[in-house]
Amino acid sequence: MSASEVTTEATAAHANLRDSQSVLQVQVIASLELNRVDYAEGRKKSLRARYYFGIIFLIINFIAWFFRDYGQGVLPFILHMKACGKEGEECIHALGVLRVSLGCYIFFSVMFLTTVKTRKLHESWNLWHSGYWEVKFIILLVSMALPFFFPSELVQIYGEVARIGAGVFLLLQLVSVIQFIIWWNNYWIPDEERMQRWSFGVLMSTLFYVVSICGIVYLYKTYAPRASCSLNLFFITWTAILLAAIMVVSLHSKVNRGLLSSGIMASYIVFLCWCALRSEPANATCQTKNQDKGNTDWITIIGFLIAIFAIVIAAFSTGIDSKSFRFSEEIVEEEDDIPYSYGFFHLVFSLGAMYFAMLFISWDLNNSARKWSIDVGWMSAWVRVINEWFAATIYIWMLISPIVRQNKVMGNDRTVQETVDSVMP
């Protein structure tokens with residue numbers, strides 16, 4: 001074989017190799033593009049699924065209300081169920097709410113257990129979270145029906161546990177709200193390129209503090225019109241003290257977080273205090289507002305519906321906010337990662353099932369609430385007040401914790417240096 005023939009064959013082989021590599025490269029790119037499309041579609045289905053679960057949770061809230069207020073007259077089948085006792089009394093009112101809540105808790109617990117380890121969009125359990133709605137509907141029906149065959153003693157035990165679960169739900173909600181407030185404050189931090197944004201931040205800070213102060217004045221006038229209203233005076237005055245403490249800590253030179261986040265937080269704790277005072281029983285004497293019966297009925301119904309939607313929104317917004325509860329900030333998100341933590345999402349909704357039960361029965365397992373009422377009673381009022389105090393405490397700790405950790409690290413470094421100096425000749 002001549003040299004020219006060898007050269008020709010080598011050139012041809014090189015060209016074939018180059019063509020093969022080009023084909024392989026095209027195939028890899030096409031595969032990556034296909035995967036990217038699949039991931040985008042999977043992400044869309046996942047994001048839609050959370051709204052479906054939210055709707056399910058909303059419907060279950062209305063079912064619980066229906067069993068509490070109208071179960072005995074409209075659901076005659078419960079009269080013949082052994083677990084419901086004489087005339088179905090143990091499947092309506094407070095126990096009816098707890099049974100519906102337990103069914104909701106079972107369903108979302110099943111979803112939690114089956115999706116808690118899901119991390120990638122291509123995993124099979126991602127398809128389970130986002131699809132198979134016919135199967136999930138059957139599981140939901142079974143979960144909702146099971147508690148109506150449980151003895152009342154077991155349901156009462158669940159009610160005691162639900163108090164704790166509802167408290168955990170409130171704590172998670174507080175952390176989520178505070179993290180959002182801090183994020184919003186950081187968004188409006190001034191720099192040379194965002195003077196217009198900074199001006200708007202100053203305006204909003206002023207507005208929130210004005211609203212907070214006006215809210216305190218309104219609470220004094222409406223819920224503590226007399227010196228004999230000592231408990232309400234204590235609630236409102238302590239709220240004012242917390243408001244001042246938040247502002248002072250935020251403006252401290254070592255913290256220096258500005259007034260926007262503290263202003264929002266001040267408005268939030270004033271709102272929580274107002275909710276606590278509104279939760280006081282109807283026979284409370286320290287309220288100046290007396291509305292005629294017709295208006296009160298409409299206001300009560302509208303307030304009731306708003307409260308139910310607020311429960312669902314609270315569960316939904318907290319459930320998709322798993323990032324606020326990460327212990328590490330160094331997690332790198334990849335293209336095929338799920339858009340939110342499925343396990344945390346369903347865990348929050350299972351705790352939310354306990355929370356709405358406590359609101360419907362006013363945290364009292366033997367409560368027979370009047371129709372269209374929600375979260376009314378002295379126990380409800382105290383829960384809201386303690387929730388307010390926790391909110392202020394958590395927020396102040398989030399402000400000062402970096403300084404505390406920094407001082408601790410500096411103290412440890414100083415101790416190590418002193419030890420080294422004492423050892424060295």
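The values are calculated or read from the model by the stated rules, or taken from the named source; none is laboratory data. Treat the numbers as computed from the prediction; the structure is a model and nothing was measured. A quick note on method: Cβ atoms are made from the backbone with ideal geometry, for glycine too, and the neighbour counts reach across all protein chains shown. For accessibility, only protein heavy atoms count, side chains too; no ligands or nucleic acids. Shrake-Rupley method; radii C 1.70, N 1.55, O 1.52, S 1.80 Å.
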**Prompt:** Hey, any hits in the stretch 289-308 for a residue that's polar (S, T, N, Q), at pLDDT 85 or above and either within 29 Å of A244 (Cα to Cα) or open to solvent by less than 50 Å² (accessible area, probe 1.4 Å) (or both)?
**Reply:** no
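Conditions (1) crowded, with 22+ Cβ neighbours inside 10 Å; (2) within 27 Å of the chain's Cα centre (by Cα), marked per residue:
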| residue | (1), (2) |
| --- | --- |
| N61 | yes, yes |
| R68 | yes, yes |
| P76 | no, no |
| K82 | no, no |
| L141 | no, yes |
**Item:** Meets criteria (among the acidic types (D, E), modelled with pLDDT under 85 and surrounded by fewer than 18 Cβ atoms within 10 Å (Cβ to Cβ)) for D364
**Value:** no
**Message:** Residues to consider are P190, P225; find the one that is on the phi < 0 side of the Ramachandran plot, of a type outside the set (D, E, K, R) and at pLDDT below 80.
**Reply:** P190
**Positions within the stretch 240-283 being open to solvent by 20 Å² or more (accessible area, probe 1.4 Å), in a helix (DSSP H, G or I) and hydroxyl-bearing (S, T, Y), in sequence order** = S267, Y268
**Prompt:** Taking into account only those residues within the stretch 36-56 that are surrounded by fewer than 15 Cβ atoms within 10 Å (Cβ to Cβ) and modelled with pLDDT under 80, which is nearest to the chain's Cα centre (by Cα)?
**Reply:** A40
**Asked** Yes or no: T237 open to solvent by less than 80 Å² (accessible area, probe 1.4 Å) and either farther than 23 Å from L174 by Cβ or among the charged types (D, E, K, R) (or both)?
**Response** no
**Residue selected from the stretch 336-350 under the condition open to solvent by 20 Å² or more (accessible area, probe 1.4 Å) and assigned to a helix (DSSP H, G or I), by the criterion nearest to C104 (Cα to Cα)** = L347
**Complete:** Those residues of the stretch 161-186 which are open to solvent by 30 Å² or more (accessible area, probe 1.4 Å) and more than 22 Å from V110 (Cβ to Cβ) amount to R163, G167, L171, Q173, V177, Q179, F180, W183, W184, N186
**Prompt:** How many residues are open to solvent by 50 Å² or more (accessible area, probe 1.4 Å), at pLDDT below 90 and either in contact with a helix residue (DSSP H, G or I) (Cβ under 6 Å, 6 or more places away or on another chain) or of a type in the set (F, W, Y) (or both) if we restrict to the stretch 94-128?
**Reply:** 1
